[in-house]
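The values are calculated or read from the model by the stated rules, or taken from the named source; none is laboratory data. Small disclaimer: the values here were computed from a predicted structure and weren't measured. A quick note on method: Cβ atoms are made from the backbone with ideal geometry, for glycine too, and the neighbour counts reach across all protein chains shown.
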Amino acid sequence: MYTNWRNMLFSTAEYLLVVLAALIPTTTAGTNIGFILIPILVLVSGRGTRILELFGQSTFTMLCVLFCFMWLGATVYSHASCHMAFHYALKYNKFLLGIFFLPLVKERKWVLRCLDVFGLTMAAVALISIVYCILHPNFSPVQSSHLFRNYIATGLCMALASFWLLCRPNASQGRSQQLSKHLLLLMMLGFLFFINPGRSGVIVFVLLTLYWVVTRQQLKSAIYGTCLLGILIGLTITFHAPVVSRLANLNYLEKITTFWGFPSKNPPEKRKHNASVRERFDFAINTGKLVLSHPLMGYGPGSLPLVYKAQFANKPNQHVIVTTNPHNEYLNTSVALGLPGLFIMLLLFLSGWQTTQNLPAGIKVFARGLYVAYGFGCAINSWFMDTTPGHLFVYFAMVFAGLHLAIKEQTVNEKECIQEPELTLLDS
């Protein structure tokens, strides 16, 4: 009776893991509940020793836990208040909670379910947003993109979900299913390129499509991917899509000249309005100086606004926007934890890439695309610290690590089964 009860709790955790793929892109509260409830269910079901066993077999999971505890430990010497330091450090506790996903992924079908639920959820988001735009002719693109998440997070999720539709194996699909997949892809790309005003999602999808073309190493795929990107980019320019409008409003010549130290001709108010693009060079340069001043331990979590203001905002005759976020996860980690934290973060990407080696073909391409996307995306946004991108990375990275360990364990068991008859013959 007790065993059946524990198995029921574990099965609940397995299905909740699949449901979590739909919660991450749509609701913060649901995501936080799922990340807390799954570890509780796994522990109560008696899988604690199994987690420790899997944890010891994976360098990636060890680095994730180390990365989390480095953030928590750095609160001791943080220049910010205790409350603020813990507020920032706890944003990275998702890396610790994610290890409880490992025993839930035992077969390929569970990973496919998670990916399909994620893809269908984003297809539903695209459909609802398109219907909203039709019913509101004078719609605001930002308005329609805020139906579920902010447009940056929604764009990233839509780009990854669209990439999954490109990668998904077609072996067991009929013509009607393939047609449905292509229609869903077109609808999602329509949202990404023509409704969502964010630049990150478009850039990530273009990058991932080029990666898909290279990894497929087939002329048909190369032609398909190139034509798809060409048509999408051509249509966005022709119809002056929101993302094109945002890029067209930038004065690139001014951005280059201000990077080399020449004064800006625009008033501070206008430059502050476009700070997300215009000031990123300043953020990167100034934050880099802070890293070099404390390279070994950093300033601790939550210290960036205080230190940044003290170092750069009090200069006479110079307008400086004080930032709480350098829009760069590499710099954000380096300022808080020093260069050792940056080193652990880079090792985390490398070890995560290695966990994809024995994954099935379609899943492997998507898994590596995830690391390509985040390796690039962390240079233009703080995606580990941000709620949706951070949870999304930990979720899929741990799901893929769990499948990697399951396949590795299955391979070892098969080898032992093959060797047992040989040992029996030798004994006789």
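Overview of values
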{"read-out": "Close pairs (6 angstrom Cβ cut-off, 6 or more residues apart or separate chains): within 21 Å of L9 (Cα to Cα) and without any contact (Cβ under 8 Å) to a residue 40 or more places away in the chain in region 45-66, part of a helix (DSSP H, G or I) and of a type in the set (F, W, Y) anywhere", "value": "S45/F10"}
{"read-out": "Whichever residue in region 56-78 is touching a Phe, Trp or Tyr at 6+ places or on another chain (Cβ under 6 Å) and of a type in the set (F, W, Y) and, among such residues, is surrounded by the fewest Cβ atoms within 10 Å (Cβ to Cβ)", "value": "F67"}
{"read-out": "Some residue of region 199-209 being farther than 16 Å from T26 by Cα, of a type in the set (D, E, K, R), within 22 Å of the chain's Cα centre (by Cα) and at pLDDT below 90", "value": "yes"}
{"read-out": "Tally of residues being in a helix (DSSP H, G or I), more than 21 Å from V117 (Cα to Cα) and either among the hydroxyl-bearing types (S, T, Y) or in contact with a Cys (Cβ under 7 Å, 6 or more places away or on another chain) (or both) across region 12-65", "value": "3"}
{"read-out": "Out of A336, A310, sole residue that is modelled with pLDDT under 85 and in a helix (DSSP H, G or I)", "value": "A310"}
{"read-out": "F312 being aromatic (F, W, Y), surrounded by 16 or more Cβ atoms within 10 Å (Cβ to Cβ), touching a residue at least 60 places away in the same chain (Cβ under 8 Å) and touching a helix residue (DSSP H, G or I) at 6+ places or on another chain (Cβ under 8 Å)", "value": "no"}
{"read-out": "Where a residue in region 127-142 is closer than 19 Å to G198 by Cα and surrounded by 11 or more Cβ atoms within 10 Å (Cβ to Cβ) and its partner, wherever it lies, is of a type outside the set (A, V, I, L, M, F, W, C) and modelled with pLDDT under 65, with Cβ under 6 Å and at least six apart", "value": "S129/S144; Y132/S144; C133/S144; P141/P242"}
{"read-out": "Of all residues making up region 169-189, the number that are surrounded by 12 or more Cβ atoms within 10 Å (Cβ to Cβ) and at pLDDT 85 or above", "value": "6"}
{"read-out": "Selected residue (criterion: nearest to C378 (Cα to Cα)) from residues of region 210-226 that are among the aromatic types (F, W, Y) and either at pLDDT 80 or above or touching a Gly at 6+ places or on another chain (Cβ under 7 Å) (or both)", "value": "Y211"}
{"read-out": "Condition met for H87 (assigned to a helix (DSSP H, G or I) and either at pLDDT below 85 or under 22 Å from the mean Cα position of the chain (by Cα) (or both))", "value": "yes"}
{"read-out": "Verdict on I321 being assigned to a loop (DSSP other than H, G, I, E, B) and either in contact with a Lys or Arg (Cβ under 8 Å, 6 or more places away or on another chain) or surrounded by fewer than 18 Cβ atoms within 10 Å (Cβ to Cβ) (or both)", "value": "yes"}
{"read-out": "Close pairs (6 angstrom Cβ cut-off, 6 or more residues apart or separate chains): free of Cβ contacts under 8 Å to residues at least 60 places away in the same chain in region 24-43, among the aliphatic types (A, V, I, L, M) anywhere", "value": "G30/L23; G34/L20; G34/L23; L41/L9; L41/A13"}
{"read-out": "Extreme residue, farthest from D386 (Cα to Cα), among residues of region 122-168 that are at pLDDT below 85, small (G, A, S) and part of a helix (DSSP H, G or I)", "value": "S129"}
{"read-out": "Complete set of residues in region 104-115 that are in a helix (DSSP H, G or I) and surrounded by fewer than 22 Cβ atoms within 10 Å (Cβ to Cβ)", "value": "R108, K109, W110, L112, R113"}
{"read-out": "Odd one out for L346, checked against (1) in contact with a Lys or Arg (Cβ under 8 Å, 6 or more places away or on another chain); (2) surrounded by fewer than 17 Cβ atoms within 10 Å (Cβ to Cβ); (3) in a helix (DSSP H, G or I)", "value": "(1)"}
{"read-out": "Scope region 355-376; condition closer than 13 Å to F60 by Cβ, in contact (Cβ under 8 Å) with a residue 40 or more places away in the chain and of a type in the set (F, W, Y); matching residues", "value": "none"}
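Conditions tested, residue by residue: (1) under 19 Å from G119 (Cβ atoms); (2) part of a helix (DSSP H, G or I); (3) touching a residue at least 12 places away in the same chain (Cβ under 8 Å); (4) β-branched (V, I, T).
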| position | (1), (2), (3), (4) |
| --- | --- |
| L186 | yes, yes, no, no |
| G190 | yes, yes, yes, no |
| F193 | yes, yes, yes, no |
| P197 | no, no, yes, no |
| G201 | yes, yes, yes, no |
| V204 | yes, yes, yes, yes |
| L207 | yes, yes, yes, no |
